[in-house]
Amino acid sequence: MTADLTGALLAALLKDAATKEVKNIHQDTWTIEESESSQDGYRNQLTGSIYRMGTKTMGDVTFNWTIGQYDYATKAEFLGGVATAKSWKRPRGIVEIHKTLIALTEDNQYCVLPYANVAGREANTDGAVGIGLVGTAMEPENDAVSSEYWFDSSEVVTA
C-alpha cells in the first residue's frame, strides 16, 4: 500500500481480482484481539510512590482465525511450501508470510491490517484438520499508512 487507506481505496482492493477471499472460516474462530499495553513507572525511592511514567509499549493487535475448508494452494499461501492441485509439501526452515488482512464483522464494519505477519499451524477441529492462523499487525514501511483501519461498510462502496 502506497497511500493512506480510504473507504474508496478499500473498495478498489476488494474488487481487485488479485484480492483473495477466504470462503470458510470455521465457526466462532475469528477474533480480533489487542493485548494489554504496558508502561514502566519510575518510583521515588524515598516514598515508594510513582513520580513519573516511562515509555509506553502498546499491545499487539491480532486477527485469529481457523480456515475450515481449503485447497492446497491456500494452505501454501498461509503456511508456505509447495502446492499442486493434489498435494502440498511443507517448506524447510522458517517462512515469513506478510499479508494485508481485511475482515468484515457481523455488524458491517471493515477492519484492515495493511501489513500483518501471518503465522499458521495445522489444527484439529471437529475431526478435520483446519489451518489455525494469527495475523499480527506490523508497522507498514510507508509512513503514510497506519497499522490498523476501521470503516463502516457504508464508506466502502464496492458496486
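Sorted from largest to smallest, which semi-axis lengths in Å does the alpha carbon gyration tensor of region 1-89 give for its equivalent ellipsoid, taking the root of 5 times each eigenvalue?
Equivalent ellipsoid of region 1-89: 43, 20, 13 Å, largest first.
Contour minus end-to-end for residue 52 and residue 33, with contour as 0.36 nm per residue of separation and end-to-end as the Cα-Cα distance?
Here the segment from residue 52 to residue 33 would lengthen by 3.9 nm.
Under the Karplus relation 6.51 cos²θ - 1.76 cosθ + 1.60, θ = phi - 60°, what is the ordered set of whole-Hz ³J(HN,Hα) values for region 46-54, x standing for Gly and Pro?
Along region 46-54, the couplings run 7, 9, x, 8, 6, 10, 7, 9, x Hz.
Anyone know which of 27, 39, 109 comes out most mobile in the 10 Å Cα GNM of the chain?
Residue with maximal mean-square fluctuation among 27, 39, 109: 39.
Enumerate by residue number the GluC sites (Glu not before Pro) in region 1-71 meeting two conditions: DSSP loop (anything except H, G, I, E, B), and at most 15 other Cβ atoms within 10 Å of the site's Cβ.
In loop regions of region 1-71 (DSSP not H, G, I, E or B), the sparsely surrounded GluC sites (Glu not before Pro) are 21, 36.
Output ³J(HN,Hα) for region 8-13: one whole-Hz value per residue in order, computed from phi by the Karplus curve 6.51 cos²θ - 1.76 cosθ + 1.60 with θ = phi - 60°, and x for Gly and Pro.
With coefficients 6.51, -1.76 and 1.60, one gets 5, 5, 4, 4, 5, 4 Hz.
Taking the Cα centre as origin and putting +1 on Lys and Arg beta-carbons and -1 on Asp and Glu beta-carbons, what dipole magnitude results for the chain, to the nearest 20 debye?
That gives a dipole near 720 debye.
What's the extension gain from residue 138 to residue 69 if we count 0.36 nm per residue and subtract their Cα-Cα distance?
Once the chain is fully extended between residue 138 and residue 69, it gains 22.1 nm.
Which semi-axes, in whole Å and largest first, does the equivalent ellipsoid of region 54-126 have when worked out from the alpha carbon gyration tensor as the square roots of 5 times its eigenvalues?
27, 18, 12
Using θ = phi - 60° and the Karplus form 6.51 cos²θ - 1.76 cosθ + 1.60, what ³J(HN,Hα) does each residue of region 77-83 get, whole Hz, x for Gly and Pro?
5, 9, 10, x, x, 10, 10
Using all alpha carbons of the chain, what is the percent of pairwise distances in each 5 Å bin, ordered from the shortest bin to the longest?
2, 8, 14, 17, 17, 14, 10, 7, 4, 3, 2, 1, 0, 0
Using the Kirkwood radius over C-alpha pairs as Rh, can you work out the diffusion coefficient of region 102-150 via Stokes-Einstein at 4 °C, viscosity 1.567 mPa s, in µm² per second?
D = 102 µm²/s.
Run the numbers for residue 126 and residue 145: contour at 0.36 nm per residue of separation, minus the present Cα-Cα distance, in nm.
Between residue 126 and residue 145, full extension yields 2.9 nm more.
Which of the trypsin sites (Lys or Arg not before Pro) found in region 25-116 are loop residues per DSSP with 12 or fewer other Cβ atoms within 10 Å of their Cβ?
The qualifying sites are 86, 92.
If I model a spin label at residue 119 and residue 14 as a point 7 Å from the Cα along the Cα→Cβ vector, what separation in nanometres do I get?
3.1
Between region 1-54 and region 129-154, how far is it from one alpha carbon centroid to the other, in angstrom?
With region 1-54 and region 129-154 each reduced to a Cα centre, they are spaced 7 Å.
Most mobile of 118, 95, 134 per a Gaussian network model of the chain (Cα springs, under 10 Å)?
It is 95.
Any read-out appearing in this document is the output of simple, stated calculations on the displayed coordinates, not a laboratory observation. What you see is a predicted model, and the numbers here were worked out from it, not measured in a lab. No Cβ is skipped: glycine too gets one built from the backbone with ideal geometry, and neighbour counts run over all protein chains shown.
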